[in-house]
Each structure stands twice: as C-alpha cells, then as structure tokens.
Amino acid sequence: AVSTTGGPCGPSVALLQKVAKERGVWIVGGSIPELGDDGNVYNTSPVVDASGAVVAKHRKVHLFDIDVPGKIRFVESETLSAGEDATVADFPFPGGGKLGVAICYDMRFPELAVAMRHKGAALVVYPGAFNTVTGPPHYELLARARALDAQAFVVAASPARNPDSAYQAYGYSVVVDPWSAPVARVDGCHEEVLFAN
C-alpha cells in the first residue's frame, strides 16, 4: 500500500521511508503495485521526502498494451487500472518549482508533461524500464522531448540490466535540462549512481 495520509504502507514503501529518513534524501520510488481503496491495482510511484513522509504518489496514467501475434504480448490493462492525475509534489528545488512524477509509458505523452508543468513542476522524474527494442531509438529522445515540452528538467531513470532476468531493461538513465540537452547519463546498462548539477 502507498499512503499519503499517514496510514500504513506496505513493506516496499516502508523501506523507502526508512532509507529516505536515514540518509536525509528524497526518493521517487520507481514503480510498485498498489491495491487501491477501490479494490483496483495500480502501478504506483511513491514520492518520499527527506523526513520519510510519503508526500505524493503517481498512479500510471497510460497503461502499456501491446499484442503483436507471434512476437510479443504485454497487456497491462488485464491486471492494472489507470490513474487519472498529473502528479506533482512540493519540492525544495533550487529557484523554486515542484517535482513531477510519471511512469515509463507515460513518457510518450507530451500532454502529461505539460500538465505537470502547469501545476508548477520544474523537475519531472520518469522511472521506467523500456526494453531493448524500443529503448535505443526512443528512450533518450523522449526524455529530451518531454524536457522541451514542459520546459523542465527531466530524469529518465531505468533499472540496470540483469543478464539473468527474463526481461531486459534498456538502461541508459539520463538527466536532461529544459533546453533538451543531456547533462548527465549512465554510459550503458550497468548499475551506476548518476549525479547532475
């Protein structure tokens, strides 16, 4: 569970809260299945502040459904429900502004980035796991396009590739400035901590 009202959270979010508080950092918690109060399951990204409080949660708006006969079938809508909101949280961003959050496939939709900007986002974080087919031609290109659309910094954060996993994430996380220029990137699909000014 992901609670922004101080109620109980599940073990994944509780761990993020503990680490954020111990380290004094903000954490955008990737993508976690959330059972909503309405009984639906959402792909949710919690935002945890440096005190360990969950200050926002984004429920993925655009579910990824693809069915290419004989090649790939991935239909999120069979198990997940879509969120409805452009998510922003108050954030101590230098010069002001808020933190926007969206998940993976949401990055393909400029309207969501622009809606977050209209709500004050100066930084938009997209945790996502593009695959090795769509990642090379689209991942950084989309991050750069969304930065330009929203006139905001964009962080496209991918898991490192695990050669033993059935699903291979593209990797290549990147931070992009509002003029769409990459300011920091992971050089490859391995595990790395990325710093950007």
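Give me the residue from the stretch 19-41 that is in a helix (DSSP H, G or I) and not basic (K, R) and, out of that set, surrounded by the fewest Cβ atoms within 10 Å (Cβ to Cβ).
The selected residue is E22.
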Residues located in the stretch 164-189, provided they are open to solvent by less than 30 Å² (accessible area, probe 1.4 Å) and out of contact with any helix residue (DSSP H, G or I) (no Cβ under 7 Å at 6 or more places or on another chain): A169, G171, S173, V175, A184, V186, G188
Looking only at the stretch 104-139, count every residue that is open to solvent by 20 Å² or more (accessible area, probe 1.4 Å) and within 14 Å of A169 (Cβ to Cβ) and tell me the total. 9
Return the total of residues in the stretch 145-162 being more than 10 Å from V174 (Cβ to Cβ) and either assigned to a loop (DSSP other than H, G, I, E, B) or not small (G, A, S) (or both). 10
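Can you find even one residue in the stretch 55-73 that is in a strand (DSSP E or B), basic (K, R), more than 23 Å from A156 (Cβ to Cβ) and open to solvent by 50 Å² or more (accessible area, probe 1.4 Å)?
Within the stretch 55-73, one or more residues are in a strand (DSSP E or B), basic (K, R), more than 23 Å from A156 (Cβ to Cβ) and open to solvent by 50 Å² or more (accessible area, probe 1.4 Å).
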Determine which member of the set S12, S31 is without any contact (Cβ under 8 Å) to a residue 24 or more places away in the chain and either of a type in the set (D, E, K, R) or under 23 Å from V155 (Cβ atoms) (or both). S12
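Got a sec? Which of S77, S51 is within 20 Å of F130 (Cα to Cα), of a type in the set (G, A, S) and either modelled with pLDDT under 95 or surrounded by fewer than 17 Cβ atoms within 10 Å (Cβ to Cβ) (or both)?
S77
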Can V155 be described as open to solvent by 50 Å² or more (accessible area, probe 1.4 Å), of a type in the set (V, I, T) and out of contact with any Ser or Thr (no Cβ under 6 Å at 6 or more places or on another chain)? no
Taking the stretch 149-197 and keeping only residues that are at pLDDT below 95 and touching an Asp or Glu at 6+ places or on another chain (Cβ under 6 Å), one is left with A160, V186
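The values are calculated or read from the model by the stated rules, or taken from the named source; none is laboratory data. Because the structure is predicted, anything quoted here is derived from the model rather than measured. Every residue, glycine as well, gets a Cβ built from its backbone with ideal geometry; the counts of neighbours run over all protein chains shown. Just so you know, the surface numbers come from the protein's heavy atoms only, side chains and all, with ligands and any DNA or RNA stripped out. Shrake-Rupley method; radii C 1.70, N 1.55, O 1.52, S 1.80 Å.
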